[in-house]
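The values are calculated or read from the model by the stated rules, or taken from the named source; none is laboratory data. Predicted, not measured: the structure shown is a model, and the values here were computed from it. Every residue, glycine among them, receives a Cβ derived from its backbone with ideal geometry; neighbour counts consider all protein chains shown.
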């Protein structure tokens, strides 16, 4: 079963029709054709399936979901974008780091969808999105980073890197060395 988390959603998924519900379900059908999808919700204040702070996810949720949606976050996401003192480059770097942190809840090879970017007086949300994608691709933060549109609004679709056998082996080896050194 595929598990999809909608962050910033303080109600249960089926309790009412979210304005993005049909789009989320359509994309799940594209990402996971023929598979059963379970939709769960989370918000920093609770009220959904889980209580999760997107930018400080508890370790119990790391690598728990196949897809993370951040369709219309408020709070820190919104206020940080409204800060007039940040350049395009600084804001894009900060938001990419925030997205990378939030993506800890997604399994390797999983999807992350992010929307709700705002225009500034010196650049557009499309410029901001392009800069985030550029930084992600340059630094290989995600396996894929691409602009995606939803109901006329631009957003970003990321795909996390799949865990490689060598990375897993290196992690085990380092952990083993650490245990030997401590013993």
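Is it true that residue 131 is assigned to a helix (DSSP H, G or I) and in contact with a helix residue (DSSP H, G or I) (Cβ under 9 Å, 6 or more places away or on another chain)? Talk me through it step by step, then tell me what you get.
Values: assigned to a helix (DSSP H, G or I): yes; in contact with a helix residue (DSSP H, G or I) (Cβ under 9 Å, 6 or more places away or on another chain): yes.
Spelling it out, residue 131 is indeed assigned to a helix (DSSP H, G or I) and in contact with a helix residue (DSSP H, G or I) (Cβ under 9 Å, 6 or more places away or on another chain).
Does segment 25-57 hold any residues that are under 24 Å from residue 80 (Cβ atoms) and touching a strand residue (DSSP E or B) at 6+ places or on another chain (Cβ under 6 Å), and which are they? Working first, answer last.
Filtering segment 25-57 for residues under 24 Å from residue 80 (Cβ atoms) gives 41-48, 50-57.
Once the filter is applied, which keeps residues that are under 24 Å from residue 80 (Cβ atoms) and touching a strand residue (DSSP E or B) at 6+ places or on another chain (Cβ under 6 Å), segment 25-57 yields 41, 42, 48, 50, 52, 54.
Inspect all residues belonging to segment 113-128 and state whether any of them is modelled with pLDDT of 95 or more, within 28 Å of residue 4 (Cα to Cα) and in a strand (DSSP E or B).
Yes, there is a match, as at least one residue in segment 113-128 is modelled with pLDDT of 95 or more, within 28 Å of residue 4 (Cα to Cα) and in a strand (DSSP E or B).
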